[in-house]
1. Condition first: of a type in the set (A, V, I, L, M) and more than 12 Å from the ligand (Cβ to nearest atom). Now tell me which residues in the stretch 126-181 satisfy that.
2. Go through the stretch 121-158 and give me each residue that's assigned to a helix (DSSP H, G or I) and either of a type outside the set (A, V, I, L, M) or open to solvent by 20 Å² or more (accessible area, probe 1.4 Å) (or both).
3. Might you let me know whether the stretch 189-203 holds any residue that is within 11 Å of the ligand (Cβ to nearest atom) and part of a loop (DSSP other than H, G, I, E, B)?
4. If you check residue 174 against the conditions, is it assigned to a helix (DSSP H, G or I), closer than 26 Å to residue 294 by Cα and open to solvent by less than 60 Å² (accessible area, probe 1.4 Å)?
5. State yes or no: is residue 221 among the β-branched types (Val, Ile, Thr) and away from the ligand (no atom under 14 Å from the Cβ)?
6. Say we look at the stretch 255-286 and pick out the residues that are part of a strand (DSSP E or B) and over 34 Å from the mean Cα position of the chain (by Cα); which of these is surrounded by the fewest Cβ atoms within 10 Å (Cβ to Cβ)?
7. Suppose we filter 118, 227 for residues that are outside any loop (DSSP other than H, G, I, E, B), closer than 16 Å to residue 283 by Cα, more than 14 Å from the ligand (Cβ to nearest atom) and open to solvent by 60 Å² or more (accessible area, probe 1.4 Å); which single one remains?
8. Could we say that residue 252 is within 16 Å of the ligand (Cβ to nearest atom), open to solvent by less than 10 Å² (accessible area, probe 1.4 Å) and of a type outside the set (A, V, I, L, M) here?
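The values are calculated or read from the model by the stated rules, or taken from the named source; none is laboratory data. For clarity, every value in this text was computed on a predicted model and none was experimentally measured. A quick note on method: Cβ atoms are made from the backbone with ideal geometry, for glycine too, and the neighbour counts reach across all protein chains shown. Remember, those area values only see protein heavy atoms, side chains included, never the ligands or the DNA or RNA. Shrake-Rupley method; radii C 1.70, N 1.55, O 1.52, S 1.80 Å.
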Amino acid sequence: MNDIDKIIEEASAKINSSDIAVLESVKNEYMGKNGVLTLILKSLSQYSIEEKKVIGAQANRAKSVIESEIEKRKEILKKMLIDEKMAKEKVDYSSAFYFPFAKGSFHPVIRTIEEITSIFKSLGFSVADGPEIETEWYNFEALNIPVNHPARDTQDTFYLEGMKNVMRTHTSPGQIHVMEKQQPPVKVIVPGRVYRNEASDASHSATFHQIEGLSVGENVTFADLKSTLTLFIHKLYGQDVALRFRPSHFQFTEPSAEVDVQCVLCNGKGCRVCKNSGWLEMLGCGMVHPNVFKAVNYDTKKYTGFAFGMGVERLAMLKYGIDDIRLFYENDLRFLKQF
Ligand code: PHE
């Protein structure tokens with residue numbers, strides 16, 4: 001009995017180690033093949049039945065005490081190791097204040113799209129997306145632009161191999177995709193990138209962005225078009241800015257108009273940007289042409305609608321006083337950092 005208690009005491013002292021490897025060797029020393037307790041249990045045959053019972057029970061008790069002490073100690077050591085590691089690997093978030101780079105910001109084109117989108121959302125429009133590669137049908141035919149119309153001139157349009165598909169030249173095919181999927185009432189805008197095959201200069205780029213708008217329903221009138229776009233311009237440029245609707249022509253609208261805004265740079269007095277006219281062209285619009293409704297099987301007797309399209313870069317240039325469209329695509333940090 002005394003021996004067994006001594007064995008437990010001795011083992012406990014060893015188990016107090018802070019080395020996991022030591023714990024393994026202690027286990028072996030007492031419970032292994034030639035372990036102290038293993039040998040005691042093996043030697044039981046030399047004792048009387050009474051002695052066997054007592055010594056056996058004691059040895060087994062010692063075994064389970066030592067085993068559980070080893071397990072407990074192991075858990076403690078593991079936790080200590082983790083704590084130690086955590087302390088070492090701790091990230092000092094306050095050091096983020098010393099991060100040596102400026103934080104990123106949204107590109108002015110994206111910012112402008114977001115701003116315009118949120119104005120139209122507040123007017124009940126939803127937002128749709130369309131493909132940048134279109135068939136000629138979506139880009140032209142469905143929009144009442146016949147085969148020999150000058151807008152199809154290869155000068156303006158990027159044709160893809162086989163001449164079947166084109167890079168969309170405007171976001172108006174987005175109208176067709178929406179109407180194919182949805183019956184009126186429709187109130188949607190379609191922002192996106194468009195492509196035109198033209199030389200780039202301060203005011204032209206082979207790729208730029210447009211936002212298309214479409215509203216179709218029963219009794220949608222030109223007055224709705226006018227009030228919607230007037231509200232939009234006032235929200236974008238301020239309540240005081242003057243605007244005018246000037247008759248124009250688009251194949252997919254009839255009647256058609258363009259909206260001019262009083263030059264935001266010279267307040268209508270006349271300057272280089274507005275070419276001394278005091279007005280800036282902002283967007284194209286009109287009442288949806290019945291041929292467009294026919295292309296998507298809308299009932300032309302029941303429904304009317306208006307559509308509009310605007311160039312995002314142009315609006316951004318006027319809003320931020322940028323005088324060269326190429327700045328949007330050169331990714332010069334000195335330019336981008338200002339937004
Ligand atoms: N798609 C025309 C353009 O690219 C703009 C427009 C859209 C005009 C919708 C009228 C109606 O110039």
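1. 127, 128, 133, 142, 147, 160, 163, 166, 167, 178, 179 - these are the residues of the stretch 126-181 that are of a type in the set (A, V, I, L, M) and more than 12 Å from the ligand (Cβ to nearest atom).
2. Of everything in the stretch 121-158, those that are assigned to a helix (DSSP H, G or I) and either of a type outside the set (A, V, I, L, M) or open to solvent by 20 Å² or more (accessible area, probe 1.4 Å) (or both) turn out to be 121, 122, 136, 137, 138, 139, 141, 150, 151, 152.
3. Checking the stretch 189-203: at least one residue is within 11 Å of the ligand (Cβ to nearest atom) and part of a loop (DSSP other than H, G, I, E, B).
4. Against the criterion (assigned to a helix (DSSP H, G or I), closer than 26 Å to residue 294 by Cα and open to solvent by less than 60 Å² (accessible area, probe 1.4 Å)), residue 174 qualifies.
5. Yes; evaluated as a whole, the condition is true for this residue.
6. Taking the candidates together, the pick is 255.
7. Criteria check complete, one pass: 227.
8. When the stated conditions are applied, residue 252 does not pass them.
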